[in-house]
1. State yes or no: is Glu251 without any contact (Cβ under 8 Å) to a residue 60 or more places away in the chain, among the acidic types (Asp, Glu) and out of contact with any Pro (no Cβ under 6 Å at 6 or more places or on another chain)?
2. Hey, could you check the range 254-265 for residues that are free of Cβ contacts under 8 Å to residues at least 60 places away in the same chain and under 24 Å from the mean Cα position of the chain (by Cα) and say which is surrounded by the most Cβ atoms within 10 Å (Cβ to Cβ)?
3. Among the residues of the range 282-309, what is the count of those that are within 23 Å of Leu77 (Cα to Cα) and not aromatic (Phe, Trp, Tyr)?
4. Return the total of residues in the range 18-41 being in contact (Cβ under 8 Å) with a residue 40 or more places away in the chain and in contact with an Asp or Glu (Cβ under 8 Å, 6 or more places away or on another chain).
5. Mind checking which pairs have a first residue in the range 199-222 that is in a helix (DSSP H, G or I) and a second that is among the acidic types (Asp, Glu), Cβ under 6 Å, 6 or more apart or different chains?
6. Any chance you could count how many residues in the range 38-64 are part of a helix (DSSP H, G or I) and either under 27 Å from the mean Cα position of the chain (by Cα) or not assigned by TED's automatic domain parsing to the domain that holds Thr9 (or both)?
7. Take the range 123-135 and flag every residue that is in contact with a helix residue (DSSP H, G or I) (Cβ under 8 Å, 6 or more places away or on another chain) and over 19 Å from Glu13 (Cβ atoms).
8. Search the range 7-31 for residues being of a type in the set (D, E, K, R) and within 18 Å of Ala61 (Cβ to Cβ), and hand back the single one that is surrounded by the most Cβ atoms within 10 Å (Cβ to Cβ).
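The values are calculated or read from the model by the stated rules, or taken from the named source; none is laboratory data. These numbers were taken from a predicted model, which means no experiment stands behind them. Heads up, the Cβs are rebuilt from the backbone with ideal geometry, glycines too, and the neighbour counts pull from every protein chain shown.
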Amino acid sequence: MRIGIPRETKPGECRVAVTPSGVRALRDSGAVILVETGAGAASGFEDDEFRDAGGRIVPTASEAWSADLVVKVKEPLPPEFPYLSQSSALFTFLHLAALPGLTEELLTRRVTAVAYETVTSSGALPILRPMSEVAGILSIQVGARGLEKGCGGRGVLLPGTEGSPPGDVTVLGAGVAGRNAARVAAGIGANVTILDVNLEKLVLANGACGGKARTIRSTPEAVADAVKETDLLVSTVLVAGERAPRLVTREMIRSMRPGAVAVDIAIDQGGSLETSRPTTHADPWFIEERVVHYCVTNMPAAVPRTSTQGLAAATLPYLLSLSERGVIGALRSDEGLLAGLNTHDGHITCAGVAKAFGKPFLPPGSAIR
């Protein structure tokens, strides 16, 4: 199998899909690896490292995209659409429920597209998990910065000082991202409130905080009350494959303290705040209803070395299977990987994506028969 690794083109995206050690493992499995020149430079992986690992450095994106399987970090952008074809399968983060244009391109070009974020294992999301962990940790880091007056914030230091109280942090969702956000916020001394509909997840999240967090079963009323009293709101809620549910209304945002900060981790799935809109690492902030918003759609790219290593470790077992069995063979042999199939031969094969656009859904197992 020929596996292509193009350089990422999304603004501010500094990750690369596979590390040199991953290239070596794939080469040892019999694959030919085509790495676009400079693909790993922003993550600290130079062309020579990929070459020494057995990869073939190619000078253009078109050569990397000509492979049997193209492996990326983020979704293709419009300049990359001409590279999409039925002859090259795609393995990357897609978040199609928020991207109708890309969805149409994948269907029209009959692309076999497997989305990292819907691959499952024992009910979990093993490829999404490390990036959710990074995003959760970063949410407190960027949220603390947003509270600084220079970013438009209300001038609150989250840990407080000997003569001033700590700030208030509210986390919506107690999954991987939410637990890590709450853990970091509690660790620096902030007052932390976590909301979720799942009581077991709330117990786990509070444990991660050393028992220092306040946990609340999530209802619209509870969310409204918590949002009103917080300095930093972190929303992490998502439904795999679907558009993120809108949990926070404009009215709730309007009720927040002037200069408070809202970080919407779910923005790559459309966002869970009514006031959210996508931003970039170069221009991450905007103020809406007197609240500072951070809605960067590829948050983990801020720490590309760490993020690349975590992502590549999670994807490598699947890449080895795809390399050794072929794309269809690997999908047939692994129900969890099959759950990642979002489009195939002109059909939507992810129920959440079909629901988002009101289009027909073909079960992935039926699609690859």
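1. Values: without any contact (Cβ under 8 Å) to a residue 60 or more places away in the chain: yes; among the acidic types (Asp, Glu): yes; out of contact with any Pro (no Cβ under 6 Å at 6 or more places or on another chain): yes.
Here the answer is yes, as Glu251 does meet what is asked.
2. If we filter the range 254-265 for residues that are free of Cβ contacts under 8 Å to residues at least 60 places away in the same chain, which is where we start, we get 254-256, 262, 264.
Next, only the ones that are under 24 Å from the mean Cα position of the chain (by Cα) stay: 262, 264.
Values: Ala262: 28, Asp264: 31.
That would be Asp264.
3. Summing the residues that are within 23 Å of Leu77 (Cα to Cα) and not aromatic (Phe, Trp, Tyr) in the range 282-309 gives 16.
4. Number satisfying all stated conditions: 3.
5. That search, which allows pairs on different chains as well, returns Leu202/Asp196.
6. To start, the set of residues in the range 38-64 that are part of a helix (DSSP H, G or I) comprises 41-43, 47-52, 61-64.
Now narrow it down to the ones that are either under 27 Å from the mean Cα position of the chain (by Cα) or not assigned by TED's automatic domain parsing to the domain that holds Thr9 (or both): 41-43, 47, 49-50, 61-64.
Final tally of qualifying residues: 10.
7. Filtering the range 123-135 down to residues in contact with a helix residue (DSSP H, G or I) (Cβ under 8 Å, 6 or more places away or on another chain) leaves 125-135.
Leu125, Pro126, Arg129 - these are the residues of the range 123-135 that are in contact with a helix residue (DSSP H, G or I) (Cβ under 8 Å, 6 or more places away or on another chain) and over 19 Å from Glu13 (Cβ atoms).
8. Let us first name the residues in the range 7-31 that are of a type in the set (D, E, K, R), namely 7-8, 10, 13, 15, 24, 27-28.
Filter once more, keeping what is within 18 Å of Ala61 (Cβ to Cβ): 7-8, 10, 13, 15.
Working: Arg7: 18, Glu8: 25, Lys10: 20, Glu13: 21, Arg15: 28.
The extreme case among them is Arg15.
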